[in-house]
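J.: Dropping a structure here in C-alpha cells format, bear with me for questions.
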Amino acid sequence: SFWHNYYTGSIEVWICIMDSIIYIVDDDIIFSEVLKRKLLIHGFTQVYTCHTGSGFLLELNVKPDLIFLDYDLGDLTGIEVLLKIKKYSPKTEVIMVSAQEKYKIIEEAKSLGVYRYIAKGQNQMNAEIEEALSCLAQQFN
C-alpha cells in the first residue's frame, strides 16, 4: 500500500492511523465519491462524505481525525465550517480542497488552522493530497 512507503512505526500506531475517522465535506458528489474510494483503496476504513456544511456540523460531535473541506458548500462557506470545527474539535486536522483560488481566502483558511490548502482540479492535486496524507502519517512516527 501507499502508506508503507511513509510509515515506519509500530503496528499498533499503524492500525490507529488506518482507523482514523475521515470526512469529506464537499457539495460535488462525484469528487467526494472519487476521493472516498481512493482513501478506502489506500486502506482507510472509516471514510464518510457530507455534501452540505450544515449537514456536516450535525455530525461534528464524532470529532473526526481528518476532514477534507471544500470552500463553496452551497449553504455555508468552508471558512464558516472551519471556524466551528476548530471551536468544537480543535485537534481535528483539516485539508481544504477547493477550486477557490482567491489569495485572501487561502490565507484566511491557513490562519484559522488549515493543515494544507490544495487547489481542486489542478494536475498535481492527487499528488498534493497524497503528500499531505504522508506528512500527517509522519507525525505518528
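The values are calculated or read from the model by the stated rules, or taken from the named source; none is laboratory data. Because the structure is predicted, anything quoted here is derived from the model rather than measured. Cβ sites come from the backbone with ideal geometry, for glycine too, and all protein chains shown count toward neighbours. Accessible surface areas use protein heavy atoms only, side chains included; no ligands, DNA or RNA. Shrake-Rupley method; radii C 1.70, N 1.55, O 1.52, S 1.80 Å.
J.: Express in nm, to one decimal, how much length is gained between residue 134 and residue 75 on full extension, taking 0.36 nm for each residue of separation and deducting their alpha carbon distance.
T.: 18.1 nm
J.: A further question on this structure: All other residues with a Cβ under 10 Å from the Cβ of residue 95 taken together, and with Lys, Arg as +1 and Asp, Glu as -1, what is their net charge? Write out the running numbers ahead of the final one.
T.: Numbers: positive: 116; negative: 93, 128.
Residues close to residue 95 contribute a combined charge of -1.
J.: Here's another thing I want to ask about it. Using the heavy atoms of the protein chains and a 1.4 angstrom probe, tell me the accessible area per residue for region 15-91 in square angstrom. Intermediate results must be reported in sequence, preceding the final value.
T.: Working: 3860 Å² over 77 residues.
Here the per-residue accessible area is 50 Å².
J.: Here's another thing I want to ask about it. State, to one decimal in nm², a quarter of the convex hull surface area for the C-alpha atoms of the chain, i.e. the direction-averaged projected area.
T.: Approximately 7.9 nm², given one-decimal rounding.
J.: Please list, by residue number, every one of the trypsin sites (Lys or Arg not before Pro) in region 58-141 that is coil in DSSP and has at most 11 other beta-carbon atoms within 10 Å.
T.: 91, 102
J.: So how do 92, 49 rank on accessible area, 1.4 Å probe, biggest first, that is with the largest at the start?
T.: Descending order: 49, 92.
J.: Each label point is 7 Å from the Cα along the Cα-to-Cβ direction; what then is the distance between the points at residue 59 and residue 45, in nm?
T.: Distance between label points: 1.8 nm.
J.: Taking the Cα centre of the chain as the origin and placing charges on Cβ (Lys, Arg +1; Asp, Glu -1), which of 23, 83, 122 is farthest toward the positive end of the dipole?
T.: Farthest towards the positive pole: 83.
J.: Any idea what the dipole of the chain comes to, in debye rounded to 20, about its Cα centre with Lys/Arg Cβ at +1 and Asp/Glu Cβ at -1? Let's see the in-between values first.
T.: Values: 13 positive and 19 negative charges, 56 e Å.
Computed about the Cα centre, the dipole is about 260 debye.
J.: Moving on to the next point. Using only the alpha-carbon atoms, how far is helix 125-138 inclined from the longest principal axis of the chain? Give it as 0 to 90 degrees, nearest 10.
T.: Helix 125-138 and the main axis of the chain meet at about 60 degrees.
J.: Ignoring ligands, DNA and RNA, what percent of the 1.4 Å accessible area of the chain is carbon and sulfur?
T.: Ligands and nucleic acids excluded, carbon and sulfur give 55 percent.
J.: At 0.36 nm per residue, minus the direct Cα-Cα distance, what do residue 124 and residue 111 gain on full extension? Give it in nm, one decimal, please.
T.: That pair, residue 124 and residue 111, stretches by 2.3 nm at full extension.
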